[in-house]
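Note sheet for the following structure.
The values are calculated or read from the model by the stated rules, or taken from the named source; none is laboratory data. This is a predicted model, so every value here is computed, not measured. A quick note on method: Cβ atoms are made from the backbone with ideal geometry, for glycine too, and the neighbour counts reach across all protein chains shown. Side chains included, ligands, DNA and RNA excluded: accessible areas come from the protein's heavy atoms. Shrake-Rupley method; radii C 1.70, N 1.55, O 1.52, S 1.80 Å.
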Amino acid sequence: MLTDRLADLEREFHNIEHDLADPAVMSDSARYLRVTRRHRELTPVVALWREYRDLSRSRDEARDLLNDPEMRELAEADLAVSEARLTELQSELELLLLPTDPDDAKNAILELRSGAGGDEAALFAADLLRLYERYAESAGLRLEVLDANQNDLGGYSKLVAEITGDHAFRAFKFERGVHRVQRVPATETQGRIHTSTVTVAVLPEAEESEVQLDLSEVRIDVFRSQGAGGQSVNTTDSAVRAAYRIGTPDEIIVVCQETRSQIKNREKALTILRARLAERQRETDEATQRASRQSQIGSGDRSEKIRTYNYPQDRVTDHRLTGDDKNFPLGRVMAGELAPVVEGLTRLEREAMLAEMAHAQG
């Protein structure tokens, strides 16, 4: 039953609060991180459960007063309010208790690629990078660019970044897909609106234990980092290219050149390689249940889109949402206020899971 499950979670929450005050837990950084993460996950559930339980008692008290002629009218009003709120709370608790994506708590690899639109698409990729940097900062996350192909105008044809922090993948996973922008480019002399696209991929970082990576199948090359326009930005051979099973259908090439440390670039390149291998394995294992990575990213064609950034109308539209809930102020979104969009998509995901569970039980 729902109440039994919630009572168990409240007991777990109480034990976690006890652990957080234990010096032995605090001195073990890995354990402390696990405990604090679970505490954050349970806090909203326990708060709603306690409200639900207290309100249930109030409802029962109001029912007892229905037989009192002097209190009946007041009791009926209280009862109506309590039952309405209890219905809301039950729905909210059912959503919170749905299974979570096991990748949600992981760090993430973010990839941007300019699609249709040439230089304008590359410039919009730079705009998306700034949006994501601001959003990450507001969410307490860190975004670090690992590799970027930048043109002379400051745009990006391709960019790879790592996002680290608590539940980084959950914060960014809904960005996967084609992002379409409609605006007048700075280079447009006749004021015509152009449509361009940027494709976004978001991969959960894979633990070493999750992916069997045979380093004998990886060729590591080092070279000098290059900036925009081919200008050297580093005087040492610190950039790293990791080539997996080169020359085979399984080939994956990863480049990391954003730091001056060859060791760090090598480590980051292997991190990205593991994430791509893990994603490839997930596609193979779940081909019938989940879209492949290519369908997430799309071809970059203008007709494929998850979101449209319409500058003339000062509006961002997420096409996975419906009604008034799908539109957001463009200026605020581009300033990094992506949380309302993510919250809407999270609700949609959970509602779909509820519907799927109800269908399976029916």
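Structure notes:
- Choice from S91, S27, S56 showing the highest fluctuation, given a GNM over the chain with Cα pairs closer than 10 Å: S27
- Computed from point charges on the beta carbon alone (+1 for Lys and Arg, -1 for Asp and Glu), the dipole magnitude for the chain about its Cα centre is near 1620 Debye.
- Taking every alpha-carbon pair under 8 Å whose residues sit at least 6 apart, the stretch 1-73 reaches a relative contact order of 28 percent.
- An oblate overall shape is assigned to the stretch 87-236, the ratio a/c of its alpha-carbon gyration tensor axes (a ≥ b ≥ c) being 1.5 or greater and a/b not exceeding b/c.
- For the chain, calculated [θ]222 nm from helices alone, where every DSSP H run of n ≥ 4 adds -39500 (n - 2.57): -15500 deg cm²/dmol
- Straight-distance candidates among the aspartates and glutamates for linking to K305, with alpha-carbon spacing under 14 Å and chain neighbours fewer than 8 residues away dropped: E175, D318.
- Most mobile of P340, P204, P69 in a GNM of the chain (Cα contacts under 10 Å): P69
- With distances taken between every two different alpha-carbon atoms, the stretch 1-138 has a Kirkwood hydrodynamic radius of 19.6 Å.
- The apolar share of the surface of the stretch 98-141, taken as the fraction of accessible area on carbon and sulfur atoms (1.4 Å probe, ligands and nucleic acids excluded), comes to 46 percent.
- Point-charge dipole on Cβ atoms (K/R +1, D/E -1) for the stretch 73-216, about Cα centre, debye to 20: 920
- Rough spin-label spacing in nm, given labels placed 7 Å along Cα→Cβ, for D22 and D237: 5.2
- Here the Gaussian network model covers the chain, with springs between Cα atoms less than 10 Å apart; of G165, G247, G331, G247 fluctuates the most.
- Residue separation of T322 and E267 scaled by 0.36 nm, minus their Cα-Cα distance, works out to 15.6 nm of gained length.
- Under the simplified labelling scheme, the L215-A47 pair shows an inter-label distance of 4.6 nm, with each label point 7 Å from Cα along Cα→Cβ.
- The chain, Cα convex hull volume normalised per residue, Å³: 196
- Between the stretch 6-28 and the stretch 255-273, the alpha-carbon center distance in angstrom: 38
- In this structure the chain gives 54 Å² per residue of accessible area when probed at 1.4 Å with all protein chains present.
- Other residues with beta-carbon under 10 Å from the beta-carbon of E217 carry, at +1 per Lys or Arg and -1 per Asp or Glu, a net charge of 0.
- Rounded FRET efficiency, nearest 0.05, which uses the C-beta distance separating D54 from E343 and R0 of 41 Å: 0.95
- Cut-off 12 Å between beta-carbons: net charge of the residues surrounding A84, Lys and Arg +1, Asp and Glu -1: -1
- The simple spin-label model puts a point 7 Å past each Cα toward its Cβ; for A335 and R72 those points are separated by 5.6 nm.
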